[in-house]
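Engineer: I'd like to ask you about the structure that follows.
Quick note: the coordinates plus some simple rules give every number you see, no bench work behind them. Just so you know, these numbers come straight off a predicted model, no measurement behind them. A quick note on method: Cβ atoms are made from the backbone with ideal geometry, for glycine too, and the neighbour counts reach across all protein chains shown.
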Amino acid sequence: MPKSAKAAPPASFDAALAELEQLVGAMEGGALPLEQLLAGYQRGAELLGFCRERLQAVEQQVKVLDDGALKAWEDT
């Protein structure tokens with residue numbers, strides 16, 4: 001990815017997670033040049049932020065549905 005180009009935001013949480021997993025795999029492979037590692041790290045940080053925001057939004061929706069209190073998941 002060129003330095004001046006900003007990657008588009010992911011289409012969904014699942015798309016962000018899949019891209020993040022792909023980035024981590026490529027970075028762990030150890031075959032990327034330093035510049036691509038840095039770009040991958042930066043993109044990974046963006047994706048992680050996106051995922052956190054989506055999870056927080058869903059948590060807020062669950063709180064609303066549960067009258068403001070998060071309830072523990074029950075094992076069934």
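Engineer: Cβ under 13 Å from LEU23's Cβ, LEU23 left aside: what net charge do those residues give with Lys, Arg +1 and Asp, Glu -1?
Structural biologist: Charge balance in the 13 Å sphere: -3.
Engineer: Using R₀ = 35 Å, calculate the FRET efficiency as 1/(1 + (r/R₀)^6) where r is the Cβ-Cβ separation of LEU32 and ASP67; round to 0.05.
Structural biologist: Calculated transfer efficiency: 0.10.
Engineer: Next question. Using each residue's phi in the range 16-23, evaluate 6.51 cos²θ - 1.76 cosθ + 1.60 at θ = phi - 60° and report the 3J(HN,Hα) Karplus result to the nearest Hz, with x for Gly and Pro.
Structural biologist: Running phi through 6.51 cos²θ - 1.76 cosθ + 1.60 with θ = phi - 60° gives 5, 5, 5, 5, 4, 4, 5, 4 Hz.
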